[in-house]
Number of protein chains: 2
Amino acid sequence: MQEALSEALMAFERDEVPVGAIAVCNGRIIARAHNLTETLTDSTAHAEMQVITMASSFLGGKYLDGCTIYVTLEPCPMCAAAMNLAHLGRLVFGASDPKRGYSLFSPSLLHPKTEVAGGVALENCSELLEKFFRNKR
Amino acid sequence: MQEALSEALMAFERDEVPVGAIAVCNGRIIARAHNLTETLTDSTAHAEMQVITMASSFLGGKYLDGCTIYVTLEPCPMCAAAMNLAHLGRLVFGASDPKRGYSLFSPSLLHPKTEVAGGVALENCSELLEKFFRNKR
């Protein structure tokens, strides 16, 4: 999660909502990205979407069932549904997103086989987001 | 929808699930794409995702509230949630997707302001999909 946080910090420095993600396969980081929606003028350029595309490209296959994605914030519905399409093996996220998180939706947007752990490195993940939104007010 | 169907036919010819989409703004087609998940080895490369990215890039802004997306099949949850993030003005789709469509989920994945029309050019849209899956059996 420390590596995902480094990515989130890069987003913060670009004045992007500070969310970072990495994909790990066989103990190795195979993709890393941060939110670039403003930089790319593209509301789909979330960290997780980039990481899914990169990891699939690296592995040469559409499915990420052997991978873990670490992301600093609970994924939004788009990213959760993308993880479902990719048959993601495991999702580890930091802060929850009670207003826009995927877990607000029913049935679950994630693939039934995806293992999930939330609240990891919660304090560091939340702190950066709070700092960003405090600066915006 | 005829233009979206032309895109779907291009997907069919590439042996991709035949779904096509276009984005229209002020009566002009500003983006067009077809499903490329196999070609790009990327489960996120749906026609709608590409069209959202292209249209935002063309307009130089993240929001598509003045646009209509025409797509031959009911969007999946990922694409519907992406349309929500883009504040899409209007969605027109052809065939329904009773197994994987966004409308299975609650609350709605679309933006509350997005107007929706389904079942447009239904027969042509369905026919191409049925032909594709019949050939796969």
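Would you pick out the residues in the range B:78-131 that are open to solvent by less than 20 Å² (accessible area, probe 1.4 Å) and touching a Lys or Arg at 6+ places or on another chain (Cβ under 8 Å)?
Matches in the range B:78-131: B:Ala86, B:Gly89, B:Thr114.
Give the range A:8-34 a look and list any residue that's open to solvent by 10 Å² or more (accessible area, probe 1.4 Å) and within 11 Å of the chain's Cα centre (by Cα), or say none. Spell out how you get there, then give the answer.
The initial filter retains those residues of the range A:8-34 that are open to solvent by 10 Å² or more (accessible area, probe 1.4 Å), namely A:9-10, A:12-15, A:17, A:19, A:24-30, A:32, A:34.
If the condition is that a residue be open to solvent by 10 Å² or more (accessible area, probe 1.4 Å) and within 11 Å of the chain's Cα centre (by Cα), then A:Val19, A:Arg32, A:His34 are the ones that fit.
For B:Asp15, are the conditions met, namely being over 22 Å from B:Phe58 (Cα atoms), in contact with a helix residue (DSSP H, G or I) (Cβ under 9 Å, 6 or more places away or on another chain) and free of Cβ contacts under 8 Å to residues at least 12 places away in the same chain?
Details: over 22 Å from B:Phe58 (Cα atoms): yes; in contact with a helix residue (DSSP H, G or I) (Cβ under 9 Å, 6 or more places away or on another chain): yes; free of Cβ contacts under 8 Å to residues at least 12 places away in the same chain: no.
So B:Asp15 does not fit the description; no.
Going residue by residue through the range B:113-123, is there one that turns out to be charged (D, E, K, R), touching a Leu at 6+ places or on another chain (Cβ under 9 Å) and touching a residue at least 12 places away in the same chain (Cβ under 8 Å)?
There is at least one residue in the range B:113-123 that is charged (D, E, K, R), touching a Leu at 6+ places or on another chain (Cβ under 9 Å) and touching a residue at least 12 places away in the same chain (Cβ under 8 Å).
Scan the range A:46-64 and report the pairs whose first residue is within 9 Å of chain B (Cβ to nearest Cβ) and whose second residue is among the aromatic types (Phe, Trp, Tyr) and surrounded by fewer than 24 Cβ atoms within 10 Å (Cβ to Cβ), with Cβ atoms within less than 9 Å and a gap of 6+ or a chain change.
A:Ser56/A:Tyr63
Please count how many residues of the range B:75-126 are under 16 Å from B:Ala55 (Cβ atoms), within 13 Å of another protein chain (Cβ to nearest Cβ) and not in a helix (DSSP H, G or I).
Adding up the residues that qualify gives 5.
Could you tell me whether A:Lys136 is open to solvent by 70 Å² or more (accessible area, probe 1.4 Å), under 18 Å from A:Glu16 (Cα atoms) and more than 15 Å from the chain's Cα centre (by Cα)?
The answer is yes for A:Lys136.
The values are calculated or read from the model by the stated rules, or taken from the named source; none is laboratory data. None of the values given here were measured: they were computed from a predicted structure. We place every Cβ from the backbone using ideal geometry, glycine too, and count neighbours over all the protein chains shown. Protein only, heavy atoms only, side chains kept; ligands, DNA and RNA dropped before computing areas. Shrake-Rupley method; radii C 1.70, N 1.55, O 1.52, S 1.80 Å.
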